[in-house]
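Take a look at the structure below.
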Amino acid sequence: MATGQLFSKTTQALFYNYKQLPIQRMLDFDFLCGRETPSVAGIINPGSEGFQKLFFGQEEIAIPVHSTIEAACAAHPTADVFINFASFRSAAASSMSALKQPTIKVAAIIAEGVPESDAKELIAYAKANNKVVIGPATVGGIQAGAFKIGDTAGTIDNIIQCKLYRPGSVGFVSKSGGMSNELYNSIARVTDGIYEGIAIGGDVFPGSTLSDHVLRFNNIPQVKMVVVLGELGGRDEYSLVEALKQGKINKPVVAWVSGTCATLFKSEVQFGHAGAKSGGEMESAQAKNQALRDAGAIVPTSYEAFEGAIKDAFEKLVEAGKTTPVKEITPPQIPEDLSTAIKSGKVRAPTHIISTISDDRGEEPCYAGVPMSSIVEQGLGVGDVISLLWFKRSLPRYCTRFIEICVMLCADHGPCVSGAHNSIVTARAGKDLVSCLVSGLLTIGPRFGGAIDDAARYFKDAYDKGLTPYEFVESMKKKGIRVPGIGHRIKRGDNRDKRVELLQRYARENFPSVKYMEYAVQVETYTLSKANNLVLNVDGAIGSLFLDLLAGSGMFTKPEIDEIVEIGYLNGLFVLARSIGLIGHTFDQKRLKQPLYRHPWEDVLYTK
């Protein structure tokens with residue numbers, strides 16, 4: 001491996017398996033370091049394409065999303081780092097695919113638990129093709145002031161505390177990602193900071209070893225000293241011992257191997273990492289520390305003395321004139337996300353939508369403050385849900401049952417009415433369900449199913465003013481307005497609409513008052529004296545009875561009732577109900593596999 005620097009301020013990566021937080025942390029680090037271009041060139045999300053919006057400083061940017069590794073590499077030929085956030089099940093296969101791309105030079109594998117046989121295969125391929133694998137089971141790596149992998153070094157606050165926004169003089173390599181954060185902090189306290197840091201991962205077979213990176217650091221002029229944190233288990237540290245003995249490393253190496261406490265246990269101890277298990281005396285932390293000390297590394301007597309040993313080594317370099325501490329700079333302020341700033345009380349922002357009928361922020365959605373589970377547990381029905389979402393209160397059961405009856409009675413009126421006809425024609429044209437439904441709904445208006453609100457409005461106005469049926473009908477006639485809710489194309493005075501009769505019977509048996517309905521019946525009596533088809537239709541029945549429901553329940557004020565009628569609540573009942581039938585007609589036509597509809601010529605009057 002050897003060679004030198006892996007990353008620079010222009011390094012770009014491809015990120016496999018989209019994770020918003022680590023990508024945003026990379027971009028925030030870029031901004032902190034003063035990079036001109038984002039370090040994430042593209043995202044690979046199998047099966048998805050498009051863009052993901054993220055922030056680069058204050059600017060919102062769109063990062064391309066590719067469905068395959070090959071497509072991403074072709075689209076971003078300068079991106080030479082592959083950051084793999086796939087699970088252990090697919091990490092090896094996707095990493096191998098990436099390493100086989102000529103543009104990829106470094107692959108970082110975050111997942112733990114990658115099968116050892118797969119890891120060995122990746123290592124062999126990388127060595128044979130002069131490529132670098134960091135991981136598996138790694139947090140990644142960082143070049144201070146230039147580039148970082150995923151969640152390396154943690155939060156922005158920690159990065160600033162560790163002075164990672166600008167390069168220092170220390171090369172650092174560790175097996176542990178978590179301990180890397182500790183050492184970045186320790187090194188920043190007693191030296192001028194990290195130049196590059198790598199966590200090779202805690203699995204038994206890491207893609208690159210401690211000595212691989214130490215030898216690489218030895219070839220980087222800006223790295224003046226090296227800090228190594230090993231751990232018990234395995235024999236990786238002995239390759240570093242050999243390199244030191246052979247004189248391949250000419251820079252101070254301060255090292256410590258964790259796990260000395262293992263000797264306190266009577267039986268073999270398995271620590272957190274898969275590779276952190278001593279398989280014999282040579283794999284113990286004590287043996288490794290002694291071997292490193294004998295080979296010329298600076299090895300303290302305990303981990304507590306590690307920071308002091310690093311400090312002494314750096315100060316000696318400064319005294320000898322071999323390094324000049326890097327001058328400190330002030331990093332730019334990372335813009336805070338609005339959600340974070342609001343939570344901390346730093347800013348206030350206006351909302352864009354007001355909702356008073358439902359809330360989905362808790363453990364379960366609530367309808368007008370009533371938890372969804374409570375609605376089900378109480379055995380409430382669709383009418384109760386409508387009362388909560390439309391009227392923002394729990395109406396008495398007779399009211400919600402009336403709503404349900406209205407929905408059932410208005411669900412359909414056969415295939416010949418305009419709404420059903422439109423849905424049928426649209427379905428036979430091969431359109432989707434939503435298109436078929438909408439085509440039928442668009443016919444609802446003052447001539448078809450949309451007269452409920454108008455019926456309620458006019459009946460209420462006439463009744464409240466004390467107009468007799470004669471005065472009401474004749475005044476409407478003078479205005480040139482047909483009385484909404486009166487008249488039917490088929491039904492007659494001697495052939496009443498069964499739906500109207502059912503609604504009236506239910507109301508007389510259950511409503512406290514039916515004054516508006518009785519007024520509508522008196523109007524019907526007068527209109528029937530003029531023509532036998534001027535009967536009270538279902539629109540008029542629902543409109544007048546809904547006025548009785550609202551007024552008789554005692555739960556609505558007069559202004560609230562006026563507003564409900566004005567907004568169009570009552571027509572909403574017809575729209576909701578008739579949607580059931582329109583959907584049914586759509587499914588019926590598709591089930592019957594009916595062909596494209598063409599209206600017959602003989603049913604058209606062709607005229608000049």
Estimated vicinal HN-Hα couplings, Hz - region 87-102 in sequence order (Karplus 6.51, -1.76, 1.60; Gly, Pro = x): 6, 4, 6, 10, 4, 5, 5, 5, 5, 5, 4, 5, 5, 7, 7, x
Long-range amide H partners of residue 258 with built H, under 5 Å: 230, 231, 232
Amide H contacts of residue 367 (H built 1.01 Å from N, under 5 Å, at least 5 apart or other chain): 372
Expected 222 nm ellipticity per residue - DSSP helices of 4 or more, -39500 (n - 2.57), all of the chain, to 500: -13000 deg cm²/dmol
Accessible surface, the chain, averaged per residue in Å² (probe 1.4 Å): 49
Cβ-defined net charge surrounding residue 402, 14 Å radius [Lys, Arg +1; Asp, Glu -1]: +1
Estimated inter-spin distance, residue 339 and residue 432, nm [label 7 Å along Cα→Cβ]: 2.8
³J(HN,Hα), Karplus 6.51/-1.76/1.60, whole Hz, each residue of region 24-32, x for Gly, Pro: 5, 5, 5, 5, 5, 5, 4, 5, 4
Relative contact order (%) - criterion: Cα under 8 Å, at least six apart; region: region 341-405: 22
Linear extension gain, residue 353 paired with residue 327, 0.36 nm per residue minus alpha-carbon span: 4.4 nm
Spin-label model distance (nm) - residue 588 vs residue 510, 7 Å beyond Cα toward Cβ: 2.7
Gap separating the Cα centres of region 345-413 and region 511-587, nearest whole Å: 21
Interchain or long-range residues, amide H under 5 Å from residue 7's placed H: none
Candidate lysines for bridging to residue 590, where Cα separation is under 30 Å - those fewer than 8 sequence places away on the same chain excluded: 431
The chain, accessible surface, carbon-and-sulfur percent (1.4 angstrom probe): 54
Cross-link partners of residue 53 among lysines (Cα-Cα below 17 Å; sequence separation of 8 or more within a chain): 19
Protection proxy ranking, peptides 56-67, 325-336, 579-590, average beta carbon neighbours within 10 Å, highest first: 579-590, 56-67, 325-336
Reach of residue 477 by Cα under 17 Å, taken over lysines that are not fewer than 8 positions away in the same chain: 530
Long pairs among 498/593; 148/224; 460/498; 311/343; 100/288; 105/316, criterion Cα-Cα beyond 30 Å: 498/593; 311/343; 100/288; 105/316
Cα gyration tensor, region 1-89 - rounded (a/c under 1.5), prolate or oblate: oblate
Counting all C-alpha pairs of the chain, share separated by more than 45 Å (%): 48
Cα-based helix-to-principal-axis angle, 569-591 vs the chain, degrees rounded to 10: 80
For region 451-522, convex hull of alpha carbons as volume per residue, Å³: 105
Within region 65-173, trypsin sites (Lys or Arg not before Pro) in DSSP loop having at most 12 other beta-carbon neighbours inside 10 Å: 89
DSSP beta bridges in the chain [antiparallel fraction, %, rounded to 5]: 40
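The values are calculated or read from the model by the stated rules, or taken from the named source; none is laboratory data. Everything numeric in this text was worked out from a predicted model, so none of it was measured. Quick reminder, even Gly has a Cβ in these numbers, built from the backbone with ideal geometry, and neighbours come from all protein chains shown. Ligands, DNA and RNA are excluded from the accessible area calculation, which covers all protein heavy atoms including side chains. Shrake-Rupley method; radii C 1.70, N 1.55, O 1.52, S 1.80 Å.
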